[in-house]
1. For residue B:235, work out the one condition from (1) touching a Gly at 6+ places or on another chain (Cβ under 8 Å); (2) closer than 30 Å to residue B:350 by Cα it doesn't fulfil.
2. For residue A:106, indicate whether it is at pLDDT below 85 and of a type in the set (A, V, I, L, M, F, W, C).
3. If you check every pair at least six apart or on different chains, which have Cβ atoms under 8 Å apart with a residue in segment A:181-196 that is within 9 Å of chain B (Cβ to nearest Cβ) first and a residue that is among the charged types (D, E, K, R) second?
4. Inspect segment B:308-326 for any residue being within 14 Å of another protein chain (Cβ to nearest Cβ) and within 28 Å of residue A:153 (Cβ to Cβ) and give the result as yes or no.
5. More than 13 Å from chain A (Cβ to nearest Cβ) and touching a residue at least 24 places away in the same chain (Cβ under 8 Å): is that true of residue B:290 in this structure?
6. Would you pick out the residues in segment B:411-425 that are facing chain A (nearest Cβ under 9 Å) and aromatic (Phe, Trp, Tyr)?
7. Only one of A:95, A:56 is surrounded by 24 or more Cβ atoms within 10 Å (Cβ to Cβ) and at pLDDT 85 or above; which?
8. Quickly run through segment A:160-177 and pick out the residues that are closer than 16 Å to residue B:369 by Cα and at pLDDT 85 or above.
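The values are calculated or read from the model by the stated rules, or taken from the named source; none is laboratory data. Since the structure is predicted, the reported quantities are computational estimates derived from the model, not experimental observations. Counting neighbours? That spans all protein chains shown, and the Cβs are built from the backbone with ideal geometry, glycine included. The accessibility values were calculated without ligands, DNA or RNA, using every heavy atom of the protein model including side chains. Shrake-Rupley method; radii C 1.70, N 1.55, O 1.52, S 1.80 Å.
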Amino acid sequence: MNTTQGPGSDPAARSARVVIVDDHAIFRSGLKADLDPSIQVVGEAATVEQAIAVIAQQRPDVVLLDVHLPGGLGGGGREVIAGSAALLPATKFLALSVSDAAEDVVAVIRAGARGYVTKTISGAEITDAVYRVAGGDAVFSPRLAGFVLDAFGTAPADIADDELDRLSARELEVMRLIARGYSYKEVAKELFISIKTVETHVSAVLRKLQLSSRHELTKWAAERRLL
Amino acid sequence: MTTVPARLPLVRRSDRFIAGVCSGLAAHLGVPVVHVRVAMVLASLAGGAGVVFYAWLWIMVPTADESARRQARRPSSPIAPAVSRETVPAAVPWAAAPAGGGIDGIAPPSRPDGGPRTDNASPRGLGYPALGEAAASASEPVRPPWFRFREMRYGKEILLGTGLLLVAGILIAQLLGVDVPLGTLIPAAAVLGGASIAWMQLDETRRAGLVDKTKADQAGGWARLAAGLALVVAGVLVMVSGSGSWEQTWLALLASVAVLGGVVLVLLPWALKFWRDLEAERAGRIRETERAEIAAHLHDSVLQTLALIQRRAASEHDVVRLARAQERELRGWLFADPGKDAGHLSDRIKAVAAEVEDLLGNAVEVVCVGDTAVTEGHEALIQASREAMLNASRHGGGTVSVYLEASGGRAEVFIKDRGPGFDLQHVPEDRLGVRESIIGRMNRHGGTAAITSSSEGTEVRLGFPAAPQDSTEGKP
């Protein structure tokens, strides 16, 4: 698990190169205005093809990616991540969506996005999320945490279970607190652990969400018309 | 032209013995159906006139759903039918009966399969529905008369007329003492009868292609086709064998089968194309219905809200509130899980959150994990949650986070805000909000309530156990 602190570790000197992918020009310009000045928007794209081209050309630290995009084969954000697979470890994807649909959110996470936030969050929050993702961490909104708890179940893992198939008791606690609206800092305080440990747990959950082929997860997703 | 516009249109009804002719006629004339039936039987005894009349009406008069479909096929705008029939579930508008009257009252309110057939399923025809429905539809707008007649009217009329003239001619000839070769006429009649049965089958299949008929009806159609075919073949065989030897007959039969095979070979692609066109048309119409529903919904909700927002643009608070309410409504419509039962605890919590949001204007974000049916004790949980949300929205002043985790009766609700917080010890005794409405209420119903508050925010934690101990606890 990559927990080394990247640009996000030092608030004074942090900066990030970002590409915004969204088919609504109004939203792109609004987001650009909202982002912290230390974040450099190096490119914008409105379709799947444009996005893949811009990302390949600019190699940004973070891509702010809308889940629903026109163009390509109709796969939206998922397709952009798949098309940029070669850059994946260096370029992080943060999914932005107005969608509440579990299949949209989980699909883009499973494609490789490092987090998911709703489009209604404030500029400060999204700036924070960008740095967090740039630093290798995962960003979970309360809703994504809720989806995870729904998908994995709220019972802690047995020893016999496959490690990927269930959340550990600690991970469950972290997910619950995030779903309750706690920030990472508040989670850390509540559980008497460091923020870094919280980030580790969240990243572990993200990995499980991306890699688990767990029966329940498949079933859960299928019920919501995914996969 | 047998109808006066104010009358109920003449259609064959679904409450039928044979083809719904009598009941349709009764509804049309405003006469009890029994009278019509008796009259029909009496007329049948009078030289078969009733039978001929019945058959004529059977062929000429469309069925109720056929007629309804014709009317429904020309909506003035895609939105209009869906808007005006808001209470009718999705795909039904195509099949709403023209005789309107009590169908909404009789039919079950929700129809999960949503298929565009309803008429045959609705249990009409108890007693004398004719009079009541005639009265009910008297207030309906006058329908243009075109839909009552079919495109092939003249062809069929001429055919039937010719047949009747032939029969009359034969009868007269017999009366005049001319020897009529019945040996030829009977097989010919069989051929004619079989052909007409088969033609009716074509009519039915065309109908079945446009409306999703039940499988039983299709089986009936097949039986009819087989009967018609058998009659025709038998008639032809008798006719042909009467004029020559069996050997010749078999040869002729072989030849005709070969010719038929050739014809089928030629016509098959055409028939397949016809079938595909029909399917495409049907799919297109389903899409069109869906589109109309979406358009109607957007018109009813989003456009109205946008208009309101434009008028209230000066008040930021109102704009945010309207936008939130509309967002919530649209989300509910777009992302609602159709497989989930309605009215469970998560729905109730979401409804309460929506209410608080509307009341105070601050966003209330609800995240639900799991769900459970609402019991009596859960009502207290819901009310306590509402109180906590109100407090959080009022004093927190920002977004309120609500998290519900429920399974099998057990439920936990967390309500968190980021306001300045308060000290529970210093809440005045007379302030009942927290002490009574939240903590007291939960305790009385066997639940738990805890409040943690700091300068960074307040969180109310409500718990409700799975055990059904709430019923044994004291009631407020």
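1. Only one criterion is unmet by residue B:235, namely (2).
2. Values: at pLDDT below 85: yes; of a type in the set (A, V, I, L, M, F, W, C): yes.
Yes: the conditions hold for residue A:106.
3. A:181/B:365; A:181/B:416; A:182/A:190; A:182/B:416; A:186/B:456
4. For segment B:308-326, residues within 14 Å of another protein chain (Cβ to nearest Cβ) and within 28 Å of residue A:153 (Cβ to Cβ): absent.
5. yes
6. Passing the criteria: only B:414.
7. Values: A:56 fails: surrounded by 24 or more Cβ atoms within 10 Å (Cβ to Cβ).
None of the other options fit; the residue is A:95.
8. A:171, A:172, A:173, A:174, A:175, A:176, A:177
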